[in-house]
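S.K.: Have a look at this one before I ask anything.
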Amino acid sequence: MDYQQRNHSAEPLPAVHAIPIPPAPKYVALANHNLHQYKRQDSQKKKCTLFLHHLIAFIFLLMLILFLLILCFFTFLKLRLPTYTVSSIEVSSIHVNPAFPNVTTNLTVLIDSQNSNKRVWVQYRPGGRVVLYYRGENLCTGEIQEFTQPSENMTRIKVNMNGQTEAGPGVRAALMESIAGQEKADEGLRLIILIRLPITIRFDEKMAIGRLRMDIDSTVDVDNVMPGRKIRIIHSNYEVKEDYFH
């Protein structure tokens, strides 16, 4: 009886209250958001960098393959540039007056073009010309007509030239001696003939595979420049310069 009374008389247990956890400050949430955003941007940058590296490697490999294909093509083609020589000079008229400095010249230059390539044609574009000098004086000029030279072919290019220039007394006297037949045959007259040829190299005439400009500096010694008389070329020398992509 006493035991039951003690149980009923015991004090009740205190109530347990839950302590609320305050929410995370806003700056912590913002920091976490920025961290995730930074990681996402960093991942995107790495992917872009990796893509650019692969793209550059692919382009480099493609250029290397293209270069090797072009090299093999030209090796198989055995491309050789045409060669040019001045075969003859024909003087139609040359007027020299010792009392006046003017010299008027009309002549024809024949140039042999040798294309020894197989399946390679040579297209002569506009702008081809020939200039003839004597002792530094520009006596005459002429234009080269447009045409296409076939493969394994020799073409004789005819250039009509004319000009009028003021020449010094020494040039006029030498020309008059040559016209009169007083020039020594073993010495002759040294003419400088500059030939400029813009050309396009074509494969089987259809596909253009290269553009260039050829400048030929020709030194030609002739025995005379008498109009209507056969002119003999005593000696000739050629210097060729190629300028590509013209």
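The values are calculated or read from the model by the stated rules, or taken from the named source; none is laboratory data. This is a predicted model, so every value here is computed, not measured. With ideal geometry, Cβ positions are generated from the backbone for all residues, glycine too; neighbour counts draw on all protein chains shown. Protein only, heavy atoms only, side chains kept; ligands, DNA and RNA dropped before computing areas. Shrake-Rupley method; radii C 1.70, N 1.55, O 1.52, S 1.80 Å.
S.K.: So T141 ticks every box in (1) out of contact with any helix residue (DSSP H, G or I) (no Cβ under 9 Å at 6 or more places or on another chain); (2) more than 30 Å from A173 (Cα to Cα); (3) among the polar types (S, T, N, Q) but one. Which box is left unticked?
M.R.: Condition (2) is where T141 drops out.
S.K.: Let me confirm something: among V171, V122, which residue is crowded, with 19+ Cβ neighbours inside 10 Å and touching a Phe, Trp or Tyr at 6+ places or on another chain (Cβ under 8 Å)?
M.R.: That would be V171, the only listed residue that is crowded, with 19+ Cβ neighbours inside 10 Å and touching a Phe, Trp or Tyr at 6+ places or on another chain (Cβ under 8 Å).
S.K.: In addition: Among the residues of the stretch 127-147, what is the count of those that are open to solvent by less than 60 Å² (accessible area, probe 1.4 Å) and in contact with a Phe, Trp or Tyr (Cβ under 8 Å, 6 or more places away or on another chain)?
M.R.: Summing the residues that are open to solvent by less than 60 Å² (accessible area, probe 1.4 Å) and in contact with a Phe, Trp or Tyr (Cβ under 8 Å, 6 or more places away or on another chain) in the stretch 127-147 gives 3.
S.K.: Consider the stretch 194-246. How many of its residues are within 17 Å of W121 (Cα to Cα), open to solvent by 40 Å² or more (accessible area, probe 1.4 Å) and polar (S, T, N, Q)?
M.R.: 0
S.K.: Just the residues that are farther than 16 Å from C140 by Cβ, among the polar types (S, T, N, Q) and in contact (Cβ under 8 Å) with a residue 40 or more places away in the chain, please, taken from the stretch 102-119.
M.R.: Matches in the stretch 102-119: S113, Q114, N115, N117.
S.K.: For the stretch 122-166, which positions are within 17 Å of T104 (Cα to Cα) and of a type in the set (G, A, S)?
M.R.: Within the stretch 122-166, G136, G142, G163 qualify.
S.K.: Is it the case that the stretch 134-156 has a residue that's closer than 23 Å to M214 by Cβ and among the basic types (K, R)?
M.R.: Yes - at least one qualifying residue is present in the stretch 134-156.
S.K.: Inside the stretch 184-193, can you point out the residues that are modelled with pLDDT under 90 and open to solvent by less than 40 Å² (accessible area, probe 1.4 Å)?
M.R.: So in the stretch 184-193, the residues modelled with pLDDT under 90 come out as 184-189.
G188, L189, listed by residue number.
S.K.: Taking the stretch 75-101 as the search range and keeping residues that are under 27 Å from E152 (Cβ atoms) and either without any contact (Cβ under 8 Å) to a residue 12 or more places away in the chain or in contact with a Gly (Cβ under 9 Å, 6 or more places away or on another chain) (or both), which one is most open to solvent (accessible area, probe 1.4 Å)?
M.R.: Among those that are under 27 Å from E152 (Cβ atoms) and either without any contact (Cβ under 8 Å) to a residue 12 or more places away in the chain or in contact with a Gly (Cβ under 9 Å, 6 or more places away or on another chain) (or both), it is F76.
One line per residue, one yes/no per condition, for (1) over 30 Å from T75 (Cβ atoms); (2) in contact (Cβ under 8 Å) with a residue 24 or more places away in the chain:
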site	(1), (2)
R135	yes, yes
L139	yes, yes
Q145	yes, no
E166	yes, yes
I199	no, yes
D204	no, yes
R211	no, yes
I216	no, yes
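S.K.: Can you confirm whether T165 is outside any loop (DSSP other than H, G, I, E, B), under 28 Å from A99 (Cα atoms) and touching a Gly at 6+ places or on another chain (Cβ under 7 Å)?
M.R.: no
S.K.: In addition: Being outside any strand (DSSP E or B) and within 22 Å of the chain's Cα centre (by Cα) is the filter; apply it to the stretch 77-118 and report the residue that is nearest to G163 (Cα to Cα).
M.R.: So, considering only residues that are outside any strand (DSSP E or B) and within 22 Å of the chain's Cα centre (by Cα), the one nearest to G163 (Cα to Cα) is P82.
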